[in-house]
Amino acid sequence: MHTSISVPFVDTQADDLVWTLDHPVVEPLATRTCRVRGAVVELRVLGASHQAVVRSSGGELVETVACLPGVEGGLPERGEPTTTAAGRYLFSSTVHTLSHTDLTRRVEDLHREVSDAPGGLLVTFPGDPLAVTALHLSPDTGGAVRWTTWHVYPQSGELVTTAATLTP
(Lines give C-alpha, C1' and ligand atoms only; values in the text may rest on other atoms or scores of the structure.)
Protein backbone atom coordinates (compact mmCIF):
# COMPACT_ATOMS: atom_id res chain seq x y z
CA MET A 1 0.00 0.00 0.00
CA HIS A 2 1.42 3.40 -1.00
CA THR A 3 0.16 6.53 0.72
CA SER A 4 1.17 10.14 0.10
CA ILE A 5 0.52 12.40 3.04
CA SER A 6 0.62 16.16 3.45
CA VAL A 7 2.35 16.19 6.85
CA PRO A 8 6.03 17.17 6.65
CA PHE A 9 8.91 15.11 8.00
CA VAL A 10 9.42 15.51 11.76
CA ASP A 11 12.68 13.61 12.32
CA THR A 12 15.87 15.16 11.06
CA GLN A 13 18.51 12.43 10.88
CA ALA A 14 19.29 8.87 11.89
CA ASP A 15 21.09 9.91 15.09
CA ASP A 16 17.81 11.37 16.42
CA LEU A 17 16.01 8.01 16.34
CA VAL A 18 15.35 6.01 19.50
CA TRP A 19 14.24 2.37 19.75
CA THR A 20 11.93 1.42 22.60
CA LEU A 21 9.40 -1.20 23.61
CA ASP A 22 7.74 0.91 26.30
CA HIS A 23 6.43 3.98 24.47
CA PRO A 24 2.62 4.23 24.37
CA VAL A 25 0.77 3.79 21.09
CA VAL A 26 0.35 7.15 19.35
CA GLU A 27 -1.98 8.31 16.58
CA PRO A 28 -0.43 7.29 13.24
CA LEU A 29 -0.40 9.18 9.95
CA ALA A 30 -0.89 5.90 8.06
CA THR A 31 -1.60 2.32 9.13
CA ARG A 32 -1.69 -1.13 7.58
CA THR A 33 -3.27 -3.92 9.62
CA CYS A 34 -2.57 -7.59 8.86
CA ARG A 35 -3.42 -10.89 10.48
CA VAL A 36 -0.61 -13.40 10.68
CA ARG A 37 -0.03 -16.50 12.80
CA GLY A 38 -3.01 -15.74 15.04
CA ALA A 39 -1.80 -12.20 15.73
CA VAL A 40 -2.96 -8.79 14.55
CA VAL A 41 -0.04 -6.65 13.35
CA GLU A 42 -0.41 -2.92 12.85
CA LEU A 43 2.32 -1.24 10.83
CA ARG A 44 2.13 2.46 11.70
CA VAL A 45 3.92 5.50 10.27
CA LEU A 46 4.42 8.43 12.66
CA GLY A 47 6.02 11.33 10.84
CA ALA A 48 9.29 9.87 9.59
CA SER A 49 9.13 7.28 12.36
CA HIS A 50 7.21 4.08 12.97
CA GLN A 51 5.48 1.81 15.43
CA ALA A 52 4.82 -1.87 14.93
CA VAL A 53 2.07 -3.11 17.24
CA VAL A 54 1.54 -6.86 17.57
CA ARG A 55 -1.46 -8.15 19.50
CA SER A 56 -1.82 -11.86 20.15
CA SER A 57 -3.50 -14.11 22.68
CA GLY A 58 -0.28 -13.92 24.70
CA GLY A 59 -0.22 -10.14 24.91
CA GLU A 60 0.88 -6.98 23.13
CA LEU A 61 4.22 -5.71 21.82
CA VAL A 62 4.73 -2.07 20.80
CA GLU A 63 7.97 -1.39 18.94
CA THR A 64 8.68 2.31 18.44
CA VAL A 65 11.50 3.78 16.38
CA ALA A 66 11.10 7.55 16.57
CA CYS A 67 12.52 10.89 17.56
CA LEU A 68 11.24 11.20 21.12
CA PRO A 69 11.37 14.57 22.90
CA GLY A 70 13.69 14.52 25.88
CA VAL A 71 15.26 11.16 24.94
CA GLU A 72 18.79 11.01 23.55
CA GLY A 73 18.90 9.44 20.09
CA GLY A 74 20.87 6.44 18.93
CA LEU A 75 19.72 3.08 17.58
CA PRO A 76 21.49 -0.10 18.64
CA GLU A 77 22.89 -2.32 15.90
CA ARG A 78 21.37 -5.20 17.86
CA GLY A 79 18.91 -5.05 20.70
CA GLU A 80 19.20 -7.60 23.47
CA PRO A 81 16.82 -10.53 22.84
CA THR A 82 13.76 -9.76 24.92
CA THR A 83 10.96 -11.93 26.20
CA THR A 84 7.65 -10.05 26.11
CA ALA A 85 4.04 -11.05 26.77
CA ALA A 86 3.68 -11.50 22.98
CA GLY A 87 6.80 -13.69 22.61
CA ARG A 88 10.57 -13.59 22.13
CA TYR A 89 11.61 -10.42 20.32
CA LEU A 90 14.80 -9.61 18.37
CA PHE A 91 15.75 -6.23 16.86
CA SER A 92 18.55 -4.94 14.65
CA SER A 93 19.28 -1.74 12.75
CA THR A 94 21.73 -0.37 10.21
CA VAL A 95 22.38 3.15 9.01
CA HIS A 96 23.89 3.77 5.57
CA THR A 97 24.94 7.11 4.16
CA LEU A 98 24.42 6.98 0.40
CA SER A 99 25.07 9.21 -2.57
CA HIS A 100 22.03 10.94 -4.04
CA THR A 101 22.11 8.48 -6.98
CA ASP A 102 22.29 5.41 -4.72
CA LEU A 103 19.60 6.79 -2.41
CA THR A 104 17.33 7.44 -5.41
CA ARG A 105 17.88 3.88 -6.67
CA ARG A 106 17.13 2.42 -3.23
CA VAL A 107 13.90 4.43 -2.90
CA GLU A 108 12.82 3.23 -6.36
CA ASP A 109 13.51 -0.35 -5.20
CA LEU A 110 11.42 0.22 -2.06
CA HIS A 111 8.49 1.44 -4.16
CA ARG A 112 8.66 -1.77 -6.21
CA GLU A 113 9.21 -4.09 -3.23
CA VAL A 114 6.79 -2.63 -0.69
CA SER A 115 4.03 -0.55 -2.32
CA ASP A 116 1.95 -3.41 -3.67
CA ALA A 117 3.19 -6.20 -1.41
CA PRO A 118 0.83 -7.90 0.99
CA GLY A 119 1.87 -6.56 4.37
CA GLY A 120 3.60 -3.52 2.88
CA LEU A 121 3.12 0.15 3.76
CA LEU A 122 5.08 2.91 2.04
CA VAL A 123 4.49 6.56 2.88
CA THR A 124 5.88 9.49 0.90
CA PHE A 125 6.18 12.96 2.40
CA PRO A 126 5.89 16.34 0.67
CA GLY A 127 8.88 18.36 -0.43
CA ASP A 128 11.19 15.58 -1.62
CA PRO A 129 10.33 12.38 -3.54
CA LEU A 130 13.01 10.57 -1.52
CA ALA A 131 11.35 11.38 1.82
CA VAL A 132 9.95 7.90 2.49
CA THR A 133 9.09 5.66 5.42
CA ALA A 134 8.31 2.04 4.54
CA LEU A 135 7.35 -1.03 6.56
CA HIS A 136 6.98 -4.58 5.35
CA LEU A 137 5.60 -7.58 7.19
CA SER A 138 7.55 -10.51 5.74
CA PRO A 139 6.25 -14.02 5.31
CA ASP A 140 7.97 -16.59 7.48
CA THR A 141 7.93 -20.35 7.04
CA GLY A 142 8.26 -20.94 10.79
CA GLY A 143 6.12 -19.58 13.57
CA ALA A 144 7.73 -16.14 13.77
CA VAL A 145 6.34 -12.75 12.75
CA ARG A 146 8.95 -10.61 10.94
CA TRP A 147 8.96 -7.02 9.76
CA THR A 148 11.48 -4.70 8.17
CA THR A 149 11.35 -0.91 8.09
CA TRP A 150 13.15 1.77 6.12
CA HIS A 151 13.46 5.45 7.04
CA VAL A 152 14.94 7.66 4.31
CA TYR A 153 16.46 11.02 5.22
CA PRO A 154 17.24 12.71 1.90
CA GLN A 155 18.61 15.84 3.57
CA SER A 156 21.48 13.80 5.09
CA GLY A 157 21.57 10.97 2.52
CA GLU A 158 20.79 8.41 5.22
CA LEU A 159 18.88 5.15 4.92
CA VAL A 160 17.95 3.52 8.24
CA THR A 161 16.88 -0.12 8.04
CA THR A 162 15.45 -2.01 11.00
CA ALA A 163 14.52 -5.68 11.25
CA ALA A 164 12.46 -7.33 13.96
CA THR A 165 11.36 -10.87 14.70
CA LEU A 166 8.74 -11.94 17.22
CA THR A 167 8.45 -15.65 17.99
CA PRO A 168 5.38 -16.60 20.07
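The values are calculated or read from the model by the stated rules, or taken from the named source; none is laboratory data. This is a predicted model, so every value here is computed, not measured. Here Cβ is always computed from backbone atoms with ideal geometry, including for glycine, and neighbour counts include all displayed protein chains. Surface areas here come from the heavy atoms of the whole protein model, side chains and all, with no ligands, DNA or RNA. Shrake-Rupley method; radii C 1.70, N 1.55, O 1.52, S 1.80 Å.
Structure summary
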| read-out | value |
| --- | --- |
| Dipole of the stretch 1-124 [Lys/Arg +1, Asp/Glu -1 at C-beta], most positive-end residue of Val123, Thr20, Thr33 | Thr33 |
| Degrees separating the helix 100-114 axis from the principal Cα axis of the chain, which is the longest one | 40 |
| Contact order relative to length of the chain, as percent, for alpha carbon pairs under 8 angstrom and 6 or more apart | 25 |
| Two-site FRET efficiency, Gln155 against Ser57, from Cβ-Cβ distance with R₀ of 45 Å, rounded to 0.05 | 0.55 |
| Accessible area in the full protein assembly, largest first, 1.4 Å probe, for Val107, Val25 | Val25, Val107 |
| Radius of gyration and maximum dimension Dmax of the chain, Cα, Å | 14.9, 45 |
| Net dipole in debye of the stretch 1-149 [+1 Lys, Arg Cβ; -1 Asp, Glu Cβ; about Cα centre; nearest 20] | 560 |
| The stretch 72-168 shape via C-alpha gyration tensor axes, a/c threshold 1.5 | oblate |
| Model label zone, Thr82; criterion: amide N under 19 Å from point 7 Å along Cα-to-beta-carbon; scope the stretch 18-32 | 18-27 |
| Gyration tensor verdict on the stretch 7-90 (Cα atoms; rounded if a/c is under 1.5, prolate if a/b is larger than b/c, oblate otherwise) | oblate |
| Selection from Gly79, Tyr153, Cys67, by position along the positive dipole direction of the chain (Cβ) | Gly79 |
| Inter-label distance, nm, simple model (7 Å from Cα along the C-beta direction), Glu72/Ser92 | 2.6 |
| Cα gyration tensor shape for the stretch 42-91, rounded if a/c is under 1.5, else prolate or oblate | oblate |
| Max mean-square fluctuation residue, GNM over the chain, Cα-Cα springs under 10 Å, options Gly73, Gly120, Gly59 | Gly59 |
